[in-house]
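The values are calculated or read from the model by the stated rules, or taken from the named source; none is laboratory data. Computed from a prediction, not measured in an experiment: that's the story for all the values here. Heads up, the Cβs are rebuilt from the backbone with ideal geometry, glycines too, and the neighbour counts pull from every protein chain shown. Please note that ligands, DNA and RNA were not included when accessible areas were found on the heavy atoms of the full protein model with its side chains. Shrake-Rupley method; radii C 1.70, N 1.55, O 1.52, S 1.80 Å.
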Amino acid sequence: MSLALLMALAILQADASAVQPPAPDGSSSAQAPAGAPNETEDVPLGAPTDNYGFVSWCYGALDEYLAIYPRVLPDLKDIDKAFGSPVQEDVPYAKDVALEHKALDRFAAAMQAAQKASPQPIDDQGKADVAQGRAIWAKVEALPSRQLADAWLFWGVPIRCETTAKSLTEHPQEAHASN
């Protein structure tokens, strides 16, 4: 992200009308206890703590993020026009979105490996965790498009999503281990 864009976003963030990136609603059955510190600050409280549930949550949050992209694209173009960007793309953030689609595929592969390795069906819980991940966007999706674009720009996949998905792919029998 360009320095100019970061500065512009910082100005927007200081604006009272700017929106924070979405946070989870905390409705999963396998959650971090309230107030418990997370290993990394980019993992929101309320995200599932077991490997399979967490990767499912990551899948849902990222899938919804990607679904929002076409809606915020006009605002992203306006932001780039207003503040400039050193990245010259015909479509703003197209390369980033392509990379996030690959991450989504990695998360899906990890979930499938865990489902195959599980002695009991776990896909219903996975579907619930995917829905919880998607649900973090519900409040900001109801806001005006520019505020949604701001939230979209500020959000990023928690780092632990990638590391947990890799671990789950390599050791799918540890689906219910805590991350």
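Go through the residues of the stretch 59-70 one by one and say whether even a single one is without any contact (Cβ under 8 Å) to a residue 12 or more places away in the chain, under 20 Å from K139 (Cβ atoms) and of a type in the set (A, V, I, L, M, F, W, C). Show your work before the answer.
Taking the stretch 59-70 first, the residues without any contact (Cβ under 8 Å) to a residue 12 or more places away in the chain are 67, 70.
Still in the running and under 20 Å from K139 (Cβ atoms): 67, 70.
Imposing the further condition that a residue be of a type in the set (A, V, I, L, M, F, W, C) reduces the set to 67.
Within the stretch 59-70 (the criterion being without any contact (Cβ under 8 Å) to a residue 12 or more places away in the chain, under 20 Å from K139 (Cβ atoms) and of a type in the set (A, V, I, L, M, F, W, C)), the answer is yes, since at least one residue qualifies.
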Could you say which residue among S145, S167 is touching a helix residue (DSSP H, G or I) at 6+ places or on another chain (Cβ under 7 Å), over 28 Å from T49 (Cβ atoms), hydroxyl-bearing (S, T, Y) and open to solvent by 20 Å² or more (accessible area, probe 1.4 Å)? S145
Per-region count, the stretch 116-142, residues closer than 15 Å to Y65 by Cβ and either open to solvent by less than 70 Å² (accessible area, probe 1.4 Å) or more than 18 Å from the chain's Cα centre (by Cα) (or both): 10
Of the residues that make up the stretch 99-106, is at least one open to solvent by 60 Å² or more (accessible area, probe 1.4 Å) and in a loop (DSSP other than H, G, I, E, B)? no
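Here is a check on your reading of the model: is I11 at pLDDT 70 or above and not in a strand (DSSP E or B)?
On the way: at pLDDT 70 or above: no; not in a strand (DSSP E or B): yes.
For I11, the condition - at pLDDT 70 or above and not in a strand (DSSP E or B) - is not met.
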Set V43, V87, V19: member being at pLDDT 50 or above, within 19 Å of the chain's Cα centre (by Cα) and among the β-branched types (V, I, T): V43
Which members of the stretch 42-82 meet the condition of being aliphatic (A, V, I, L, M) and over 12 Å from R160 (Cα atoms)? L45, A61, L62, L66, A67, I68, V72, L73, L76, I79, A82
Is it true that some residue in the stretch 63-81 is outside any helix (DSSP H, G or I) and in contact with a helix residue (DSSP H, G or I) (Cβ under 9 Å, 6 or more places away or on another chain)? no
Given the conditions (1) open to solvent by 40 Å² or more (accessible area, probe 1.4 Å); (2) in contact (Cβ under 8 Å) with a residue 24 or more places away in the chain, report the number of the one that A175 does not fulfil. (1)
